[in-house]
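These notes concern the structure reproduced below.
Values in this text are rule-based calculations from the coordinates and carry no lab data. Just so you know, these numbers come straight off a predicted model, no measurement behind them. Don't worry about glycine lacking a Cβ; one is built from the backbone with ideal geometry, like all the others, and counts go over all protein chains shown.
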């Protein structure tokens, strides 16, 4: 999530440099409920030492209102079409 957020911030600043301003918060959908809970609740990060910095980076963006997160089921995750092998029916659905 931290990598995606940094890319979204870069794209937003790139558009701003071109004179296109986006004032509303960005929406990030994720199919990993554990990652969403860690990002929203500061207590959970104590159990995950190896992602300490990323957790704070994501939480800062959530608290500032620049980012909103939400859950999307794996079945509806369009980005998976680039990273996973699907059967014909799921491939055509996505």
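Structural remarks
- Spin-label model distance (nm) - residue 52 vs residue 3, 7 Å beyond Cα toward Cβ: 2.2 nm
- In this simple spin-label model, placing a label point 7 Å from the Cα along the Cα-to-Cβ direction at both residue 91 and residue 15 gives a separation of 3.2 nm.
- Between 72, 81, 11, the GNM of the chain built on Cα springs shorter than 10 angstrom shows 81 fluctuating the most.
- Whole-number percent relative contact order across the chain, with pairs defined as alpha carbons under 8 Å at least 6 apart: 32 percent
- Cα gyration tensor, the chain - rounded (a/c under 1.5), prolate or oblate: oblate
- Taking label points 7 Å from Cα along the Cα-to-Cβ direction, residue 80 and residue 27 give a separation of 2.0 nm.
- Each of 83, 23 was scored by other Cβ atoms within 10 Å of its Cβ. Listed from fewest to most, they are 23, 83.
- Selected from 29, 63, 20 as most flexible by GNM, with the chain as the system and alpha-carbon contacts under 10 Å: 20
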